[in-house]
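One structure below.
Values quoted throughout were computed directly from the atomic coordinates according to the rules given, and no laboratory measurement underlies them. Everything numeric in this text was worked out from a predicted model, so none of it was measured. Cβ coordinates were reconstructed from backbone atoms using ideal geometry, including for glycine residues, and neighbour counts include every protein chain displayed.
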Amino acid sequence: MFAAAILSYCLSIGYVLLWNPEIRFWKYAAEYKLEEVASLRAEQNGAITFCYGGSSTAFGIDSGYASDQLAYPMINLGLHAGMGAEALSGFGLSQLQPGDTLLVMLEPDLIVAEDMRTPLGEQFGYAMGDSSILSWRSGEGEPRQFMTTLPSLRPGALNIFSMVGKIILGRPIYRYHRNDLRPGGLVITDVRGEIVGKNGVVKGLRDESRILLRSLVFAAEERGARAFYCPPWALFNPEVVERVQSHRIRFLKQVEQEIPVIWEPGLGILTNREDFSDSPQHLTGRGARFRTESLVRVLRKSTGR
């Protein structure tokens with residue numbers, strides 16, 4: 001029984017790190033983005049602006065367009081919000097060099113979340129073979145890091161039943177594909193669905209949220225770079241816009257006490273369904289290009305670059 005338990009756990013780890021469609025896609029996306037970083041570094045000697053966050057960033061910033069058409073060297077390091085603030089931040093920081101700019105585009109929900117370190121984020125870090133993604137501010141050694149992460153390196157029941165159900169029903173194992181990636185790191189999708197705008201507002205910063213933001217500023221400065229917070233764009237129901245704007249301003253003023261904020265017109269609150277694809281956080285290709293143009297204009301004024 002003990003041997004069977006060990007074998008089943010090893011198979012679980014193998015599934016998570018090698019075969020899980022979600023991890024496989026985002027690992028491929030991350031590796032693709034790192035290749036884009038190397039390519040842009042080789043093309044020009046100047047500083048680069050890196051954007052990172054959850055999928056609202058992955059689907060929201062056309063950095064290839066910014067680099068090629070707007071003459072603003074930029075890379076989109078956005079991944080999946082389910083990875084949590086800790087892993088996403090570790091990945092974003094990993095590419096910084098002196099003179100670079102880091103745009104922290106974490107969804108507000110991630111910043112105030114009680115669990116900034118998630119099983120998906122831990123799985124992603126080990127699938128990438130880079131545990132420093134998970135320990136950029138903790139200073140934990142490799143042995144302790146592995147032992148604390150070990151329980152997360154297994155699929156949950158929801159994942160297993162979801163995979164089995166998709167196979168039985170003949171549905172795609174995962175919604176996104178490798179050909180959804182674009183130069184610079186943007187992810188787009190042709191999938192369209194019945195989506196509705198968001199209604200809720202985010203709570204104020206927790207003590208852990210403030211520590212996270214201060215740590216990001218410090219970590220960027222250690223690398224000779226600058227960090228700014230820039231909220232992602234999202235779809236909201238028109239009837240709640242005024243309330244959301246009020247809460248968003250209050251939230252950003254709290255954030256600004258810990259990290260400089262890039263204030264964009266509209267505060268990232270949109271109401272046009274046509275600008276979004278399969279989620280109220282996922283811009284279409286056209287929407288991402290429009291957002292990128294707007295962002296670059298503000299960055300040139302705000303950061304002097």
Original post:
Between the DSSP loop rule and a limit of at most 11 other Cβ atoms within 10 Å, which GluC sites (Glu not before Pro) in the range 190-276 are left?
Top reply: Glu194
Original post:
Expressed in nm to one decimal, what extension gain is obtained for the pair Ser302 and Asp207 from 0.36 nm per residue of sequence separation less their Cα-Cα distance?
Top reply: 31.5 nm
**OP:** Could I have the simple spin-label model distance between His177 and Arg214, label points 7 Å from Cα toward Cβ, reported in nm to one decimal?
**Re:** 4.8
Original post:
Along the principal axes of its C-alpha atoms, what lengths does the range 181-234 span, in descending order and rounded to whole Å?
Top reply: 42, 34, 13
**OP:** For Phe276, list long-range residues whose amide hydrogen, built 1.01 Å from N in the peptide plane, is under 5 Å from its own amide hydrogen.
**Re:** Thr284
Original post:
Based on the Cα coordinates of the range 199-305, what is the per residue volume of their convex hull in Å³?
Top reply: 117
Original post:
For the range 92-98, in order, what is each residue's ³J(HN,Hα) by Karplus, 6.51 cos²θ - 1.76 cosθ + 1.60 with θ = phi - 60°, in whole Hz (x at glycine and Pro)?
Top reply: x, 6, 4, 9, 6, 10, x
**OP:** Report the dimensions of the range 65-126 along its three principal axes from the alpha-carbon atoms, largest first, rounded to Å.
**Re:** 38, 24, 19
Original post:
Cα-based Rg of the range 238-278 per 2.2 N^0.38 Å, rounded to two decimals?
Top reply: 1.35
**OP:** Calculate, in whole percent, how much of the Cα-Cα pair population of the range 33-84 lies beyond 19 Å.
**Re:** 24
Original post:
Whole-Hz Karplus ³J(HN,Hα) for the range 123-136, in order, using 6.51 cos²θ - 1.76 cosθ + 1.60 and θ = phi - 60°, x for Gly and Pro?
Top reply: 4, 4, x, 6, 5, 6, x, 9, 6, 5, 4, 9, 10, 5
Original post:
Using modelled backbone amide H atoms (1.01 Å from N, in-plane), which distant-in-sequence or interchain residues come within less than 5 Å of Val261's amide H?
Top reply: Tyr229
**OP:** Set the Förster distance to 22 Å, then compute FRET efficiency between Arg243 and Ser294 from the Cβ-Cβ distance, nearest 0.05.
**Re:** 0.40
**OP:** Amide H neighbours of Glu107 under 5 Å, at least 5 residues apart or on other chains, H built in the peptide plane: list them.
**Re:** Gly54
Original post:
Once both labels are modelled 7 Å past Cα along the beta-carbon direction, what's the Arg192-Lys253 spacing in nm?
Top reply: 4.1
